[in-house]
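Please treat every number below as a calculation from the coordinates, not as lab data. Note that the structure is predicted; figures quoted are calculated from it, not measured. Please note: Cβ atoms are built from the backbone with ideal geometry, for glycine as well, and neighbour counts cover all protein chains shown.
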Amino acid sequence: KAGVTQTPRYLIKTRGQQVTLSCSPISGHRSVSWYQQTPGQGLQFLFEYFSETQRNKGNFPGRFSGRQFSNSRSEMNVSTLELGDSALYLCASSLKGTGDSPLHFGNGTRLTVT
Amino acid sequence: AQKVTQAQTEISVVEKEDVTLDCVYETRDTTYYLFWYKQPPSGELVFLIRRNSFDEQNEISGRYSWNFQKSTSSFNFTITASQVVDSAVYFCALSRSYNNDMRFGAGTRLTVKP
């Protein structure tokens with residue numbers, strides 16, 4: 001079974017631009033979560049989608065948004081990029097989307113904002 | 001509020017030493033789940049174990065063992081006879097019962113020297 005796939009692996013953008021990251025979950029997984037990982041703040045929860053609906057959202061500004069498609073694939077968008085958005089963005093999928101269902105992570109997209 | 005604390009930022013041991021990674025959590029929920037993940041240099045978080053709040057049995061899996069104590073809100077992870085391949089960042093995480101909003105600790109970077 002293929003794991004969680006994130007594309008692209010690396011991105012370099014300029015302040016003010018926008019970016020879209022993509023995530024393909026494990027086949028059959030309906031829940032997709034996004035996390036931002038930085039050396040200073042660690043792993044921070046961005047949002048979670050289940051059956052195309054955003055169920056939970058972390059404490060991030062509205063510049064961070066996402067969506068999930070009917071095939072459970074998900075995209076995350078960041079508009080008006082700031083230097084502080086440089087981070088590793090991790091996508092995770094889970095089978096049931098409940099607390100007992102482990103998250104399975106992709107390799108991440110490393111975003112650098114210059 | 002849900003919170004996970006991993007007080008040990010970095011640990012360095014010599015191969016074959018035993019090492020324990022500490023994790024303390026805070027939650028008001030009666031039903032919750034605790035997890036440990038490993039993040040090797042490649043970046044992908046790898047699920048190691050899940051424990052629910054009603055199961056305080058210790059668990060052993062090869063060289064890995066976990067000690068869950070509700071009385072002290074701790075879920076510690078011990079690696080016996082450590083190996084160089086165990087070098088990674090280890091994260092403890094807490095999840096509520098009904099969703100995938102998983103909160104992670106800051107992580108402990110373990111370095112095992114030959």
Would you check if residue B:79 is within 14 Å of chain A (Cβ to nearest Cβ), among the β-branched types (Val, Ile, Thr), more than 19 Å from residue A:34 (Cα to Cα) and buried (at least 16 other Cβ atoms within 10 Å of the Cβ)? no
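Listed here are the residues, each with its yes/no results for (1) over 15 Å from the mean Cα position of the chain (by Cα); (2) away from chain B (no Cβ under 14 Å); (3) closer than 18 Å to residue B:97 by Cα; (4) buried (at least 17 other Cβ atoms within 10 Å of the Cβ).
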{"residue": "A:34", "(1), (2), (3), (4)": "no, no, no, yes"}
{"residue": "A:43", "(1), (2), (3), (4)": "no, no, no, yes"}
{"residue": "A:50", "(1), (2), (3), (4)": "no, no, yes, yes"}
{"residue": "A:62", "(1), (2), (3), (4)": "no, yes, no, no"}
{"residue": "A:69", "(1), (2), (3), (4)": "no, yes, no, no"}
{"residue": "A:74", "(1), (2), (3), (4)": "no, no, no, yes"}
{"residue": "A:85", "(1), (2), (3), (4)": "no, yes, no, yes"}
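Among the residues of region B:82-97, is there at least one that is within 14 Å of chain A (Cβ to nearest Cβ), over 17 Å from residue B:7 (Cα atoms), surrounded by 17 or more Cβ atoms within 10 Å (Cβ to Cβ) and in contact with a strand residue (DSSP E or B) (Cβ under 7 Å, 6 or more places away or on another chain)? Can you show your working first?
Initially, region B:82-97 is screened for residues within 14 Å of chain A (Cβ to nearest Cβ), giving B:88-97.
Filter once more, keeping what is over 17 Å from residue B:7 (Cα atoms): B:95-97.
Within this subset, residues satisfying the condition of being surrounded by 17 or more Cβ atoms within 10 Å (Cβ to Cβ) are B:95-96.
Filter again for in contact with a strand residue (DSSP E or B) (Cβ under 7 Å, 6 or more places away or on another chain), leaving B:95-96.
Checked region B:82-97: at least one residue is within 14 Å of chain A (Cβ to nearest Cβ), over 17 Å from residue B:7 (Cα atoms), surrounded by 17 or more Cβ atoms within 10 Å (Cβ to Cβ) and in contact with a strand residue (DSSP E or B) (Cβ under 7 Å, 6 or more places away or on another chain).
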Of the listed residues (A:99, A:106), the one being within 11 Å of chain B (Cβ to nearest Cβ), in contact with a Cys (Cβ under 6 Å, 6 or more places away or on another chain) and closer than 27 Å to residue B:49 by Cα is A:106
Looking only at region B:22-36, decide whether some residue is surrounded by fewer than 18 Cβ atoms within 10 Å (Cβ to Cβ) and in contact with a Ser or Thr (Cβ under 6 Å, 6 or more places away or on another chain). yes
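Only one of A:90, A:11 is touching a residue at least 12 places away in the same chain (Cβ under 8 Å) and either more than 17 Å from residue B:102 (Cα to Cα) or not in a strand (DSSP E or B) (or both); which? Spell out the reasoning first.
Details: A:90 fails: either more than 17 Å from residue B:102 (Cα to Cα) or not in a strand (DSSP E or B) (or both).
The match here is A:11.
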